[in-house]
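Chemist: This is the structure I have questions about; it appears just below.
Taken together, the values in this text are just the output of simple stated rules run on the coordinates, not laboratory data. Everything numeric here is computed off the predicted structure, so don't read it as measured data. Using ideal geometry, Cβ is built from the backbone for each residue, glycine included, and neighbour counts are taken over all protein chains shown.
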């Protein structure tokens, strides 16, 4: 049975006063692999393949969430996802993304919050982020992650340094 949480997001800033849109955050299933891989291609220059997404999803360490919004006609459309691994009290956020048209609307916040809520016993979370990704860094800091070190040339396309960020149980 799929575990589901429906939360309400505010309308995008600057879009005027609109009715809030419902977003569903749920554990991803096999049927979601192609949609997650398609979002990967839209969001990252080093996109994971369907095989990579499926491999993590099927791993005993894998944890994959998908965010969906209703299109108004009853169809749920993927608007974001999160891929992580959890083992023995430690977790690593591997990928998190919102579709370009869904950015700045709280999708990442909902996904990250759900990950942390689902794993209260994880004492240390780690992630890597591009140093130029200010929006992501601000989100991670809001959830208690802190920059530990900078890794030169961690990203190749486009070229960028990366930060290793850590969140401990004390955060």
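Chemist: Quick one: 121, 79, 43, fewest Cβ neighbours within 10 Å first, how do they rank? All intermediate terms of the calculation are to be shown ahead of the outcome.
Modeler: Values: 121 9, 79 23, 43 17.
Placing the least packed residue first, the sequence is 121, 43, 79.
Chemist: Now for a different question. At 0.36 nm per residue, minus the direct Cα-Cα distance, what do residue 70 and residue 134 gain on full extension? Give it in nm, one decimal, please.
Modeler: Gain on extension, residue 70 to residue 134, equals 20.2 nm.
Chemist: Right, next: Just the Cα atoms of segment 54-139: what Rg and Dmax do they give in Å?
Modeler: Computed over the Cα atoms of segment 54-139, radius of gyration and Dmax are 13.7, 43 Å.
Chemist: In addition: Give the dimensionless ratio obtained when the Cα radius of gyration of segment 124-171 is divided by 2.2 N^0.38 Å.
Modeler: Numbers: Rg = 10.7 Å, N = 48, 2.2 N^0.38 = 9.6 Å.
The value comes to 1.12.
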